[in-house]
1. Below 8 Å, C-alpha to C-alpha, sequence gap of six or more: please give me the relative contact order for the stretch 1-42 in percent.
2. Contact order normalised by length for the chain, with contacts defined as Cα pairs under 8 Å and 6 or more residues apart; what percent is it?
3. Just to be sure I understand the model, the point goes 7 Å from the Cα along the line to the Cβ. What's the resulting residue 19 to residue 54 distance in nm?
4. Which of these, 79, 24, 164, has the largest mean-square fluctuation under a Gaussian network model of the chain (Cα springs below 10 Å)?
5. Which whole-number percentage describes the relative contact order of the stretch 124-175, with Cα contacts under 8 Å and a sequence gap of 6 or more?
6. Under 5 Å between amide hydrogens, which residues at least 5 positions from residue 94 or on another chain qualify, with H placed 1.01 Å from N in the peptide plane?
7. If ligands, DNA and RNA are left out, what is the accessible area of residue 5 with a 1.4 Å probe, given in Å² to the nearest 10?
Amino acid sequence: MVKRHIKRLTAPVTWNLKRSDGKYVVKSFPSGHKQSLSMPLLFLLRDIMKVGRTATEVKEILHNQKVTVDGKAMEELKYGVGLFDIVGIAALKKHYRVVLAADGVLDAIEIPEAEAAIKPLCVIAKHMLSKGKLQLTLLDGTCILLEQKDATRNIISVGDTVVYNYAEKKIVAVL
């Protein structure tokens, strides 16, 4: 049996929620992020960013395709928004990055338009494929294929952080 909600007391500590506001909270769908480093889009928009007051208002905003996550229009309330994801709100013309605050909870900070297409991601796996291709697996579940002629191919190792431009689908820098 699959549960569609979780109790507030057992919710991850990275969610900044009041434990006394009710018994249950919405559970996010599985995504590329770990459960502890992601939260449902409903919770992010309603409780952290204060875009809507109720779940019905947030649902209406999402169904009008006014919210994007990493450049893709989102309509699902339970979509798991994770660490370093970029949430864009078209009506407000603002972009936010989900970060881990100093007190250990996930928070959304506003970023300029120029940074809205890039995100830093950690390389968690590196595999050689056929015909000399190299596959990098990043923290959010993204997989990147690098050809033999790529210059960044030899300098990237597991544990490095890459700055990934998801609009152009390429690595901008290696940190």
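The values are calculated or read from the model by the stated rules, or taken from the named source; none is laboratory data. None of the values given here were measured: they were computed from a predicted structure. Quick reminder, even Gly has a Cβ in these numbers, built from the backbone with ideal geometry, and neighbours come from all protein chains shown. To get the accessible areas, we keep the full protein, side chains included, count just its heavy atoms, and leave off ligands, DNA and RNA. Shrake-Rupley method; radii C 1.70, N 1.55, O 1.52, S 1.80 Å.
1. Numbers: 36 pairs, mean separation 16.8, N = 42.
This gives 40 percent for the stretch 1-42.
2. Details: 330 pairs, mean separation 27.2, N = 175.
It rounds to 16 percent for the chain.
3. 2.9
4. The residue that fluctuates most here is 24.
5. Working: 67 pairs, mean separation 12.4, N = 52.
About 24 percent, as a whole number.
6. 89
7. 80
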